[in-house]
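Take a look at the structure set out below.
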Amino acid sequence: MDMLKGMNMALDYTEENSENYMDLKEVAKRTYCSEYHFKQLFSLLPSITISEFLYDYYVMSFLID
């Protein structure tokens, strides 16, 4: 699987489960890589960490609702 496809699957998973607590290991599993590699790959694409992305996503979801 190519890296971009895996990241898109992980982002889709986070959107589908935004109401629930997400374990980073579970999100990384969607990309078929370890948690460590997922963090490294994610920070290359949007230039922010996965934790910052999830925090911003939750805040924006809260503000929209």
Find all pairs meeting these conditions: Cβ atoms under 8 angstrom apart; at least six residues apart or on different chains; first residue within segment 42-63 and farther than 16 Å from residue 3 by Cβ; second residue of a type in the set (S, T, N, Q) and assigned to a loop (DSSP other than H, G, I, E, B).
57/18; 58/18; 61/18
Any idea which of (1) assigned to a helix (DSSP H, G or I); (2) open to solvent by less than 80 Å² (accessible area, probe 1.4 Å) is the one residue 48 doesn't satisfy?
(1)
Apart from one, (1) assigned to a loop (DSSP other than H, G, I, E, B); (2) surrounded by 11 or more Cβ atoms within 10 Å (Cβ to Cβ) all hold for residue 54; the odd one out is (1)
Give me the pairs: first residue in segment 5-16 and under 18 Å from residue 58 (Cα atoms), second residue outside any helix (DSSP H, G or I) and open to solvent by less than 50 Å² (accessible area, probe 1.4 Å), beta-carbon distance under 6 Å, and six or more apart or on different chains, which are they?
10/31
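Those residues that are assigned to a helix (DSSP H, G or I) and either charged (D, E, K, R) or open to solvent by 50 Å² or more (accessible area, probe 1.4 Å) (or both), I need them from segment 12-38; list them, please. Even if it seems obvious, please write down each step before you answer.
Let us first name the residues in segment 12-38 that are assigned to a helix (DSSP H, G or I), namely 12-16, 24-29, 35-38.
Residues satisfying the conditions are 12, 15, 16, 25, 26, 29, 35, 36, 37.
The values are calculated or read from the model by the stated rules, or taken from the named source; none is laboratory data. In this text, all values refer to a predicted model and were calculated from it rather than measured experimentally. Here the Cβ is made from the backbone with ideal geometry for all residues, glycine too, and neighbour counts use every protein chain on show. With ligands, DNA and RNA removed, areas are computed over all heavy atoms of the protein, side chains included. Shrake-Rupley method; radii C 1.70, N 1.55, O 1.52, S 1.80 Å.
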